[in-house]
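The next block holds one structure in the form of structure tokens; read it before the comments.
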Number of protein chains: 2
Amino acid sequence: MIKVYVLYPNNSGATFDMDYYLTKHMPMVGERLGAALKAMTVDHGLAGGQPGTEAAYRVITTLRFDSVDAYQKAFMPHAAEIQGDIPRFTNIAPTVQISEVKI
Amino acid sequence: MIKVYVLYPNNSGATFDMDYYLTKHMPMVGERLGAALKAMTVDHGLAGGQPGTEAAYRVITTLRFDSVDAYQKAFMPHAAEIQGDIPRFTNIAPTVQISEVKI
């Protein structure tokens, strides 16, 4: 089992339309990825670990798949549409990584 | 509902003993946090989002609580013990943030 992490850094000057993200972007992503997508999470950064510090990431999203292969097969046909939608809700370039689920 | 993210950057020269982490550290954390801890995840970075790139984070762990207050009440009495265990499995200083669960 793997997760694709999409981390949006909390840069100064960053904009992020959470309403569009939750009601338009993520539902579209879920529809395009179909049954290959086993679960998704979206978390909104509130604060850093030390008192008075800011969260490093404005938003952290995860998408769970059975395997890297299953992710690539589901994502690649829709990559242009999904990535092309990003400027509609943020000016942040997200950091993406693939992780293996341990727990 | 909130999640505490603990992100271990994938620095060059970084060491991380996943076996110790999964069999000693996280079980100890789970025991100390008790019923306040609603769920935990541990994911091991495999690759970056672009072909041939490395994962930004070696390990990403999340701990879920009902509220920031519930987290602080559970964590503070054990902070020294939990943080003092970190050098036993890694030389990485983790990035910590608190996020609000949206999905």
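Observations
- Inter-part distance where the range A:40-103 and the range B:10-89 are each reduced to a Cα centre, Å: 19
- Fraction of accessible area attributable to carbon and sulfur, the protein assembly as shown (%, probe 1.4 Å): 53
- Per-residue SASA remark: B:Lys38, around 100 Å² accessible (1.4 Å probe; ligands, DNA and RNA not included).
- Exposure of B:Lys3 as accessible area (Å², to 10), given a probe of 1.4 Å and all protein chains: 20
- Rolled with a 1.4 Å probe across the full set of protein chains, the surface gives A:Thr95 an accessible area near 40 Å².
- When only Cα pairs below 8 angstrom with a gap of at least 6 residues are kept, chain B shows a relative contact order of 51 percent.
- For the range B:32-48, residues shielded by at least 50 square angstrom of accessible area compared with the chain on its own, probe 1.4 Å: B:Asp43, B:His44, B:Leu46
- Per residue solvent-accessible surface (Å²) - chain B, probe of 1.4 Å: 48
- Computed [θ] at 222 nm, helices only, for the protein assembly as shown once each DSSP H run of length n ≥ 4 contributes -39500 (n - 2.57): -5500 deg cm²/dmol
- For chain B, a simple Cβ point-charge model (Lys and Arg +1, Asp and Glu -1, everything else neutral) yields a dipole of about 140 debye relative to the Cα centre.
- Computed with a 1.4 angstrom probe on protein heavy atoms, the B-A interface buries about 2600 square angstrom of accessible area in total.
The values are calculated or read from the model by the stated rules, or taken from the named source; none is laboratory data. Please read all numbers here as calculations on a predicted model, not as lab measurements. Using ideal geometry, Cβ is built from the backbone for each residue, glycine included, and neighbour counts are taken over all protein chains shown. SASA here: full protein model, heavy atoms, side chains in, ligands and nucleic acids out. Shrake-Rupley method; radii C 1.70, N 1.55, O 1.52, S 1.80 Å.
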